[in-house]
1. For n ≥ 4 DSSP H runs only, could you compute -39500 (n - 2.57) per run for the chain, divide by its residues and tell me the 222 nm figure to the nearest 500?
2. Are there cysteines in the chain with no second cysteine's Cβ under 4.7 Å away, and if so, which?
3. Could you give the size of the charge dipole of the chain about its Cα centre, using +1 on the Cβ of each K and R and -1 on the Cβ of each D and E, expressed in debye and rounded to the nearest 20?
4. Build a GNM of the chain with springs between Cα atoms under 10 Å: which of 174, 126, 80 gets the top mean-square fluctuation?
5. For the chain, what does the accessible surface come to per residue with a 1.4 Å probe? Please give it in Å².
6. Roughly speaking, to the nearest percent, how much of region 48-111's 1.4 Å accessible area is carbon and sulfur?
7. Taking Kirkwood radius over Cα pairs in Å straight from the coordinates, which label in [x] 17.5; [y] 19.7; [z] 19.2 is the correct one?
8. Which one of 69, 169, 226 has the biggest mean-square fluctuation once the chain is modelled by GNM with Cα springs under 10 Å?
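The values are calculated or read from the model by the stated rules, or taken from the named source; none is laboratory data. Since we're looking at a predicted model, the values are computed, not measured. All Cβ positions, even for glycine, are placed from backbone atoms using ideal geometry, and neighbour counts span all protein chains on display. Just the protein is used for accessible areas: all its heavy atoms, side chains included, with ligands, DNA and RNA removed. Shrake-Rupley method; radii C 1.70, N 1.55, O 1.52, S 1.80 Å.
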Amino acid sequence: MLLEFMHSLQAISLPGMNSLFSWKSEECCLWRGVYCNNFTGYVEMLDFNDQPLVVAGTISPSLLKLHHLTSLNFNSNDFNGSPIPEFFGSLKKLKLLDLSNANFRGPIPSLLGNLSMLETLRLGGNDGVFNVGKLEWLSHLSRLKEVDLSSTNLSNANDWCQVISHLPLLQKLNLIDCDLPSISSSSLSLVNSSTSLTYLDLSDNNLPSSAIYPWLFNVSSNLVSLDLSSNHLKGPIPDAFGK
């Protein structure tokens with residue numbers, strides 16, 4: 001089944017590297033990017049980031065046969081504008097899904113909301129990816145600690161602030177250049193204050209001060225890093241930043 005998945009991909013060795021040689025071995029746990037449990041031999045991780053090869057082609061649904069897969073990382077590969085496969089939403093044991101900077105396009109499958117074990121979700125850096133309607137699907141992922149949706153079009157996700165504030169374990173949030181809609185005053189009453197969020201980047205969203213400040217000073221009491229650059233902020237710096 002792993003062989004079927006690999007055959008669906010196109011792997012290109014970087015100049016001077018013979019990284020595809022390992023994929024010819026009969027022992028799949030020795031293949032580059034494949035990580036198995038030392039005791040059971042089950043494939044638990046597929047990580048094609050920071051490898052001396054670029055993965056492209058089609059991602060086969062045979063991936064679903066890897067019943068023990070907890071980590072899937074296609075960061076910095078090239079899928080030539082293909083959509084994010086909907087069947088990713090059936091990989092129920094995933095704790096990490098990283099599809100950032102991999103040249104995906106099209107809508108984010110709402111079925112990703114079925115990944116109830118997910119702790120890290122990175123879809124950033126895919127300029128043609130967008131969310132259809134609201135972000136309600138994200139609210140089902142209550143174990144999330146890190147979310148990166150940078151450069152994803154979220155212009156219709158007018159519930160983004162409520163969804164984010166109801167993720168109890170979220171520590172790191174990257175929403176750079178997402179065309180975020182302004183936060184309405186009525187939605188502020190639905191926002192919970194978080195103690196877990198420590199890293200927040202909302203830069204390049206053209207958000208006005210009136211929309212962002214009331215939410216910001218309620219969303220977390222433990223921020224360590226905050227980036228609001230390239231928004232439409234006006235007027236004096238609020239005293240609340242001192243807190």
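1. -2500 deg cm²/dmol, from helical runs alone.
2. Here 28, 161, 178 come out as lacking a disulfide-compatible partner, given the Cβ-Cβ threshold of under 4.7 Å.
3. Around 380 debye, computed over the chain.
4. 80
5. 49
6. About 49 percent, which is the carbon plus sulfur part of the accessible surface.
7. Answer label, from the structure shown: [z].
8. 226
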